[in-house]
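*Asks:* Take this structure, written in structure tokens, and hold onto it; I'll ask about it next.
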Amino acid sequence: MRLATAEIDIDALRHNLAIVKKMAPSAKVMAVLKANAYGHGLVKIAQCLEGADAFAVARIDEALALRAGGLTKPIILLEGFFAPSDLPILLANNFETVVHDENQLAAIEACQLEAPISVWLKIDTGMHRLGIEPHQFEQFYARLKRSPNVKADTKLMTHFPCADDLNNDFTTQQIAAFTDLVKGQGEALCLANSAGIIGWPDAHFDWVRSGLMLYGVSPMLNCTGVDHALKPVMRLKTRVIAIKHVVCGDRIGYGGRWTCEKDTTLAVVAMGYGDGYPRHAKEGTPVVIKGQRYGIVGSISMDMISVDIGCDSDKIRVGDEVEMWGPNLPVEEIANCADTIPYELLCNITPRVSYDYLTG
């Protein structure tokens with residue numbers, strides 16, 4: 001019997017890509033696949049995104065894995081390259097690179113390449129993480145244009161730190177600053193991440209970067225994917241492995257974190273932080289068994305979680321399926337119960353969880 005399993009709904013994935021295209025009909029779509037496609041399986045997810053115009057990853061090993069998996073679409077390195085020795089690898093594999101600092105630009109200028117590479121120049125409009133300062137733009141842009149190692153169509157991009165909050169006008173300020181800075185250059189522009197796609201249509205321009213929303217999860221504050229017509233791609237599930245009757249006053253789990261206030265019944269399920277479930281999920285965090293929600297009690301163990309099923313002990317049996325998050329239980333809700341974000345939960349799925357890719 002299979003225990004901890006991540007069911008991946010390929011039809012939902014393709015549905016979500018269609019939603020991206022509907023929201024940004026004039027833009028090309030860059031499908032963001034970094035961190036193992038947000039925990040969903042890098043190569044398999046890419047193989048199922050035939051409708052994307054390009055893929056984006058964080059690091060060169062992710063890009064190489066996509067090429068080894070037979071993917072031929074353009075691949076953009078969102079963090080760029082890390083050493084001059086990477087440049088021939090980029091050329092040989094037709095990878096495109098973000099340039100965000102002087103070291104990268106100087107390495108490109110100094111390299112002896114047999115053909116030019118594609119570059120995305122990243123401008124820092126307020127994220128203050130990666131990107132050149134606005135006052136550096138004209139110099140960097142001119143140097144890229146002069147370099148024989150760079151293809152003529154240098155693309156321009158930035159990133160939004162606050163687009164998840166529709167009440168924060170900082171994104172509007174970024175859009176205005178970016179477009180004013182690059183006006184007249186005639187290059188393709190890329191500003192909108194998932195939150196930008198959903199909440200800021202003025203930021204769509206030529207390319208959009210769809211990450212979290214591809215997987216059916218909302219990037220917006222206080223929302224779930226269903227609010228944007230998205231469908232969850234991952235259903236994390238396991239099974240009940242024991243039924244335990246406890247009495248008033250019994251203390252449950254490591255540290256006796258939870259004490260029974262009355263006689264009750266627990267279902268012990270095969271899931272824990274060893275599978276990537278958040279250890280700090282609060283008491284009462286829901287799971288779904290046979291269409292009914294029940295709350296977690298006690299500490300999350302490496303391999304097991306206790307769930308209070310109360311008087312439903314006659315309905316639930318060893319072997320019954322348990323949904324930890326998915327279509328019936330938004331991962332956004334579980335993230336809120338664990339004081340974290342859904343990105344972290346999805347990316348933290350561990351190798352011992354089995355993957356089951358479903359379609360049709």
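*Asks:* Send over the semi-axes of the range 157-306's equivalent ellipsoid, whole angstrom and largest first, taken as the square roots of 5 times the C-alpha gyration tensor eigenvalues. Write out the running numbers ahead of the final one.
*Replies:* Values: eigenvalues 432, 44, 32 Å².
Sorted largest first and rounded, they come to 46, 15, 13 Å.
*Asks:* If only Cα atoms are counted, what is the Rg of the chain, and what is its Dmax, in Å?
*Replies:* Gyration radius and largest Cα-Cα distance of the chain: 23.5, 77 Å.
*Asks:* Could you grab the relative contact order for the range 28-129? Cα pairs under 8 Å, six or more apart, rounded to a whole percent.
*Replies:* Taking the mean separation of contacting Cα pairs over the length of the range 28-129, I get 20 percent.
*Asks:* With all protein chains present, calculate the accessible area of K244 using a 1.4 Å probe and round the result to the nearest 10 Å².
*Replies:* 120
*Asks:* Using protein chains only and a probe of 1.4 angstrom, how many square angstrom of R293 are accessible, to the nearest 10?
*Replies:* Accessible surface of R293 is approximately 100 Å².
*Asks:* Within straight cross-link reach of K73, meaning Cα distance under 18 Å, which aspartates and glutamates are found once same-chain residues fewer than 8 apart are removed?
*Replies:* Of all the aspartates and glutamates, those that pass the test against K73 - Cα under 18 Å, at least 8 places apart if same chain - are E50, D53, D61, E62, E96, D153, D206.
*Asks:* Tilt of helix 137-146 relative to the longest C-alpha principal axis of the chain, in degrees (0 to 90, nearest 10)?
*Replies:* The two axes meet at around 70 degrees.
*Asks:* Pulled fully out, how much extra length does the chain show between N222 and A68, if you take 0.36 nm times their separation in residues and subtract their Cα-Cα distance?
*Replies:* Using 0.36 nm per residue and subtracting the Cα-Cα distance, I get 51.6 nm.
*Asks:* While we're looking at this one, here's another question. Once every DSSP H run of n ≥ 4 in the chain is given -39500 (n - 2.57) and the sum is divided by its residues, what mean residue ellipticity at 222 nm do you get, rounded to the nearest 500 deg cm²/dmol?
*Replies:* Computed mean residue ellipticity for the chain: -7000 deg cm²/dmol.
*Asks:* Can you tell me the relative contact order of the chain? Whole percent, Cα pairs under 8 Å, sequence separation 6 or more.
*Replies:* Once normalised by length, the contact order is 19 percent.
*Asks:* Using θ = phi - 60° and the Karplus form 6.51 cos²θ - 1.76 cosθ + 1.60, what ³J(HN,Hα) does each residue of the range 273-284 get, whole Hz, x for Gly and Pro?
*Replies:* These are the phi-based 3J(HN,Hα) values: 5, x, 9, x, 6, x, 5, 9, 4, 6, 4, x Hz.
*Asks:* Moving on. Between the range 309-356 and the range 5-25, what's the alpha-carbon centroid distance in Å?
*Replies:* When both Cα centres are located, 21 Å separates them.
*Asks:* Given the Cα-Cα distance of Q136 and N93 and 0.36 nm per residue of separation, how much length would full extension add, in nm? Write down the numbers at each step before the final one.
*Replies:* Values: separation 43, 0.36 × 43 = 15.48 nm, distance 2.96 nm.
The span from Q136 to N93 would gain 12.5 nm if fully extended.
*Asks:* In what sequence, highest mean first, do 77-85, 202-210 appear when ranked by Cβ atoms within 10 angstrom?
*Replies:* 202-210, 77-85
*Asks:* What is the local net charge at Q139, summed over the other residues whose Cβ is closer than 13 Å to its Cβ (Lys, Arg +1; Asp, Glu -1)?
*Replies:* It works out to a net charge of -2.
*Asks:* I've got another one for you. How would you classify the range 227-309 from its alpha-carbon gyration tensor, with a ≥ b ≥ c the square roots of the eigenvalues: rounded for a/c under 1.5, else prolate if a/b is greater than b/c, otherwise oblate?
*Replies:* On the way: a/c = 2.01, a/b = 1.70, b/c = 1.18.
Prolate.
*Asks:* Please work out the Cα center distance from the range 216-239 to the range 31-97, rounded to the nearest Å.
*Replies:* First find each Cα centre; the distance between them is then 24 Å.
*Asks:* Could I ask something else about it? When DSSP beta bridges are limited to those with both residues in the chain, what percentage is antiparallel, rounded to the nearest 5? Before the final figure, lay out the partial values.
*Replies:* Details: 30 of 60 bridges.
Beta bridges within the chain, antiparallel portion: roughly 50 percent.
*Asks:* Using a 1.4 angstrom probe and counting only protein chains, how large is the accessible area of I252 in Å², to 10?
*Replies:* Approximately 20 Å² for this residue.
*Asks:* Report the paramagnetic label zone for A110: residues of the range 72-99 whose backbone N is under 20 Å from a point 7 Å from Cα along the Cα-to-Cβ axis.
*Replies:* Within reach of a label on A110, which here means backbone N under 20 Å from a point 7 Å along Cα→Cβ, the range 72-99 contributes 80-91, 97-99.
*Asks:* 5 Å is the cut-off here: which amide hydrogens, built 1.01 Å from N in the peptide plane, fall below it relative to C223, excluding neighbours closer than 5 in sequence?
*Replies:* Excluding prolines and chain starts, which carry no amide H, there are no hits.
The values are calculated or read from the model by the stated rules, or taken from the named source; none is laboratory data. Since we're looking at a predicted model, the values are computed, not measured. Note: ideal-geometry Cβ built from the backbone for every residue, glycine included; neighbour counts use all protein chains shown. Note: accessible area is taken over every heavy atom of the protein model, side chains too, but ligands, DNA and RNA are not part of it. Shrake-Rupley method; radii C 1.70, N 1.55, O 1.52, S 1.80 Å.
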